[in-house]
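The values are calculated or read from the model by the stated rules, or taken from the named source; none is laboratory data. What you are looking at is a predicted structure, and each value in this text was computed from that prediction instead of being measured. Because the Cβ atoms are built from the backbone with ideal geometry, glycine has one as well, and the counts that use them run over all protein chains shown.
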Ligand code: TA6
């Protein structure tokens with residue numbers, strides 16, 4: 001079932017339920033902010049203080065970072081992580097594939113507001129497959145008359161039992177840029193979180209596994225050679241109005257993307273596809 005819902009302030013979202021799973025997707029940002037299968041805890045973390053207001057990114061779920069990741073390279077007054085996550089997308093397709101699987105597609109096209117921030121024509125689609133896994137396929141087509149460069153990420157907040165309990169497998173031996181130190185290192189062991197972490201790993205398409213006490217979360221990506229790992233830790237969590245002071249304990253961001261040297265140039269008429277498949281196991 002696919003239902004169109006709105007909060008008291010008119011904030012619109014889609015509610016998906018099928019025999020296997022449920023999800024909620026805000027039209028603003030094509031933002032998946034809830035996903036769970038029948039027999040598991042929610043896969044995605046959502047802040048209890050998240051804003052569900054026009055023009056404000058939702059803290060949690062899967063914010064879409066496009067057409068740039070992080071601060072804009074040259075103009076720091078431009079919105080962090082681009083404009084996709086605070087723009088109103090349209091619902092371009094819905095399909096109940098079978099009793100266990102629902103597909104929806106959302107589309108973002110240029111507006112005067114986006115052109116003022118980024119002077120290019122594009123056709124961006126997000127295909128979301130809700131079933132035993134959550135599949136996110138972000139396709140960026142260059143409909144302009146000149147190439148453009150993009151950096152992007154599926155900025156996924158995963159729901160964890162406690163930050164002390166988790167281990168991230170699949171990054172051992174990978175180089176990473178430490179955004180807190182502006183330095184590059186090699187990951188020597190599987191990753192545990194004992195402080196603020198804000199790193200951009202250069203990695204192959206190999207799966208990343210988030211090991212927790214009661215479950216493992218498997219993240220598979222395609223079209224990406226970079227993965228961000230972020231936990232704001234104590235001080236940053238306190239500074240965020242839309243995150244409880246202790247909220248950092250129950251979330252870890254593992255963000256499939258194309259960032260820094262993995263940024264992509266999309267030629268005229270070409271399409272870049274970034275895909276992530278995530279599930280509890
Ligand atoms: O993905 C990591 C990061 O770039 C961090 O540096 C932090 O800024 C985080 O994104 C959240 O950004 P936001 O704009 O959503 O508060």
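Restricting to segment 34-57, count the residues that are within 13 Å of the ligand (Cβ to nearest atom) and closer than 23 Å to residue 94 by Cα.
0
Examine segment 204-212 for a residue that is within 16 Å of the ligand (Cβ to nearest atom) and over 21 Å from residue 58 (Cα atoms), and state whether such a residue exists.
Looking only at segment 204-212, we keep the residues that are within 16 Å of the ligand (Cβ to nearest atom), and these are 208, 210.
Now drop any that are not over 21 Å from residue 58 (Cα atoms), which leaves 208, 210.
So far as segment 204-212 goes, yes, one or more of its residues are within 16 Å of the ligand (Cβ to nearest atom) and over 21 Å from residue 58 (Cα atoms).
Kindly indicate which of 30, 23, 19 is more than 15 Å from the ligand (Cβ to nearest atom), closer than 22 Å to residue 135 by Cβ and in contact with a helix residue (DSSP H, G or I) (Cβ under 8 Å, 6 or more places away or on another chain).
Details: 23 fails: in contact with a helix residue (DSSP H, G or I) (Cβ under 8 Å, 6 or more places away or on another chain); 19 fails: in contact with a helix residue (DSSP H, G or I) (Cβ under 8 Å, 6 or more places away or on another chain).
Result of the check over 30, 23, 19: 30.
Quick check: is even one residue across segment 105-122 at pLDDT 95 or above, within 16 Å of the ligand (Cβ to nearest atom) and surrounded by fewer than 23 Cβ atoms within 10 Å (Cβ to Cβ)?
Checked segment 105-122: at least one residue is at pLDDT 95 or above, within 16 Å of the ligand (Cβ to nearest atom) and surrounded by fewer than 23 Cβ atoms within 10 Å (Cβ to Cβ).
Taking the condition of being surrounded by 23 or more Cβ atoms within 10 Å (Cβ to Cβ) and either more than 14 Å from the ligand (Cβ to nearest atom) or over 19 Å from residue 36 (Cβ atoms) (or both), how many residues in segment 58-71 meet it?
Total satisfying the criteria: 5.
Of 278, 243, which residue is in contact with a strand residue (DSSP E or B) (Cβ under 8 Å, 6 or more places away or on another chain) and under 16 Å from residue 156 (Cβ atoms)? Please lay out each step first, then the result.
Working: 243 fails: in contact with a strand residue (DSSP E or B) (Cβ under 8 Å, 6 or more places away or on another chain).
Answer to the selection: 278.
Checking the condition away from the ligand (no atom under 16 Å from the Cβ), assigned to a strand (DSSP E or B), without any contact (Cβ under 8 Å) to a residue 40 or more places away in the chain and out of contact with any helix residue (DSSP H, G or I) (no Cβ under 6 Å at 6 or more places or on another chain), which residue from 137, 184 passes? Walk me through it before giving the result.
Working: 137 fails: without any contact (Cβ under 8 Å) to a residue 40 or more places away in the chain.
Of 137, 184, the one residue that is away from the ligand (no atom under 16 Å from the Cβ), assigned to a strand (DSSP E or B), without any contact (Cβ under 8 Å) to a residue 40 or more places away in the chain and out of contact with any helix residue (DSSP H, G or I) (no Cβ under 6 Å at 6 or more places or on another chain) is 184.
Is it the case that segment 153-160 has a residue that's over 20 Å from residue 218 (Cβ atoms) and away from the ligand (no atom under 16 Å from the Cβ)? Please lay out each step first, then the result.
Filtering segment 153-160 down to residues over 20 Å from residue 218 (Cβ atoms) leaves none.
Within segment 153-160, none of the residues are over 20 Å from residue 218 (Cβ atoms) and away from the ligand (no atom under 16 Å from the Cβ).
Do you know which residues across segment 190-213 are out of contact with any helix residue (DSSP H, G or I) (no Cβ under 9 Å at 6 or more places or on another chain) and either assigned to a loop (DSSP other than H, G, I, E, B) or touching a residue at least 60 places away in the same chain (Cβ under 8 Å) (or both)?
Answer for segment 190-213, where residues must be out of contact with any helix residue (DSSP H, G or I) (no Cβ under 9 Å at 6 or more places or on another chain) and either assigned to a loop (DSSP other than H, G, I, E, B) or touching a residue at least 60 places away in the same chain (Cβ under 8 Å) (or both): 190, 203, 204, 205, 206, 207.
Take the residues in segment 225-270 that are in a loop (DSSP other than H, G, I, E, B), away from the ligand (no atom under 14 Å from the Cβ) and out of contact with any helix residue (DSSP H, G or I) (no Cβ under 7 Å at 6 or more places or on another chain), then tell me which one is nearest to residue 167 (Cα to Cα). Step through it out loud before you land on a result.
At the first step, the residues of segment 225-270 found to be in a loop (DSSP other than H, G, I, E, B) are 225, 232, 240-246, 259, 263, 267-270.
Next, only the ones that are away from the ligand (no atom under 14 Å from the Cβ) stay: 225, 244-246, 263, 267-270.
Next, only the ones that are out of contact with any helix residue (DSSP H, G or I) (no Cβ under 7 Å at 6 or more places or on another chain) stay: 244, 246, 263, 267-270.
Working: 244: 23, 246: 19, 263: 27, 267: 39, 268: 42, 269: 41, 270: 38 Å.
My answer is 246.
Which one of these is at pLDDT below 95, more than 16 Å from the ligand (Cβ to nearest atom) and loosely packed, with under 15 Cβ neighbours inside 10 Å: 94, 145, 74?
On the way: 94 fails: at pLDDT below 95; 145 fails: at pLDDT below 95.
It is 74.
Is there a residue being at pLDDT 95 or above and within 19 Å of residue 63 (Cα to Cα) anywhere in segment 180-197? Talk me through it step by step, then tell me what you get.
To start, the set of residues in segment 180-197 that are at pLDDT 95 or above comprises 180-197.
Imposing the further condition that a residue be within 19 Å of residue 63 (Cα to Cα) reduces the set to 197.
Checked against the condition, which is being at pLDDT 95 or above and within 19 Å of residue 63 (Cα to Cα), segment 180-197 yields at least one hit.
Can you confirm whether residue 161 is in contact (Cβ under 8 Å) with a residue 60 or more places away in the chain and in a loop (DSSP other than H, G, I, E, B)? Show your work before the answer.
Values: in contact (Cβ under 8 Å) with a residue 60 or more places away in the chain: yes; in a loop (DSSP other than H, G, I, E, B): yes.
Considered against the rule, which asks whether it is in contact (Cβ under 8 Å) with a residue 60 or more places away in the chain and in a loop (DSSP other than H, G, I, E, B), residue 161 comes out as yes.
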